[in-house]
Amino acid sequence: MKAVCIIGSPNEYGNTAFVVDQIIDGMIETDIKVERLALGKMEINYCQGCKICDTTRRCVQRDDMDALIKTIEDADILLVASPSYWGNVSGQLKVFFDRCLPLFDPRSGQTRFPQGKAGIAVAVSASADATESANVIKAIERFFGYLGITPIQRITIEGVYAKEDFVGKEERLDEAFRIGLNLVKQLDFRN
């Protein structure tokens, strides 16, 4: 079983990545093969809106999205994580979503993405307002829906601006670890 974990933060080792790494630690305990990808370290250009991918099923731009799409197509589990920026996903994650347009036909509503994949959504917010994280989860799970990915887990952690803000949130971090640890069992039950 293979999981691809996409960190939609500009900071490869920031708060969002810290939560994702807890989930990854749980996955590794159950021998899930994990690929951790940080969008902030990748070259992903904005969608140009040219619509050429409508017919070619491939973007005209040559950047890191070519390999990234192949990587997520080959995964069984797709974890997508984002910090809350103004109550929404980060710019890096939004650009990634936009560049996945070759995988979806907006006119027919049909996906061109391989089916049977499971999704995990992660949101981390500096604000204590849970609606910000809920908006991030909603955006990630909407993306999953367009691609036919079944959301199976989600976690949000609010009130985290700096690493020291995780103090007192050990239960939430343990929950993140258990999400990764229990995935195989959960997916076996689903099949």
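Coordinate-derived values only; no laboratory data. Remember, it's a predicted structure, so these values are computed and weren't measured experimentally. Cβ sites come from the backbone with ideal geometry, for glycine too, and all protein chains shown count toward neighbours.
The table that follows gives values for the structure above.
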quantity	calculated
Hey, ASP129 closer than 22 Å to VAL20 by Cβ, among the charged types (D, E, K, R) and over 16 Å from the mean Cα position of the chain (by Cα) or not	yes
Residues (closer than 20 Å to PRO83 by Cβ, out of contact with any Ser or Thr (no Cβ under 9 Å at 6 or more places or on another chain) and in a strand (DSSP E or B)) located in region 14-46	ARG36
Number of the exception - SER108 against (1) outside any helix (DSSP H, G or I); (2) in contact (Cβ under 8 Å) with a residue 12 or more places away in the chain; (3) polar (S, T, N, Q)	(2)
Residue check for ILE152: farther than 30 Å from VAL60 by Cβ and either without any contact (Cβ under 8 Å) to a residue 60 or more places away in the chain or surrounded by fewer than 19 Cβ atoms within 10 Å (Cβ to Cβ) (or both)	yes
Scope region 108-149; condition surrounded by fewer than 19 Cβ atoms within 10 Å (Cβ to Cβ), within 18 Å of VAL89 (Cα to Cα) and among the polar types (S, T, N, Q); matching residues	SER127, THR131, ASN135
Boolean, ALA139 is aliphatic (A, V, I, L, M), in a helix (DSSP H, G or I) and within 14 Å of the chain's Cα centre (by Cα)	yes
Selection from region 74-87 of residues that are under 17 Å from SER127 (Cβ atoms), in a loop (DSSP other than H, G, I, E, B) and in contact (Cβ under 8 Å) with a residue 24 or more places away in the chain	SER84, GLY87
Residue that is nearest to PRO106 (Cα to Cα), among those in region 47-73 that are of a type in the set (A, V, I, L, M) and either assigned to a helix (DSSP H, G or I) or touching a helix residue (DSSP H, G or I) at 6+ places or on another chain (Cβ under 7 Å) (or both)	ILE69
From ASP105, ASP25, ASP63, ASP31, residue being of a type in the set (D, E, K, R), over 18 Å from ARG142 (Cα atoms) and touching a Lys or Arg at 6+ places or on another chain (Cβ under 9 Å)	ASP63
Single match in PHE113, PHE144 (criterion: within 21 Å of MET1 (Cβ to Cβ), in contact (Cβ under 8 Å) with a residue 24 or more places away in the chain, in a loop (DSSP other than H, G, I, E, B) and in contact with a strand residue (DSSP E or B) (Cβ under 9 Å, 6 or more places away or on another chain))	PHE113
Residue satisfying condition, being without any contact (Cβ under 8 Å) to a residue 60 or more places away in the chain and more than 27 Å from CYS53 (Cα to Cα), within set ALA121, ALA67, ALA134	ALA134
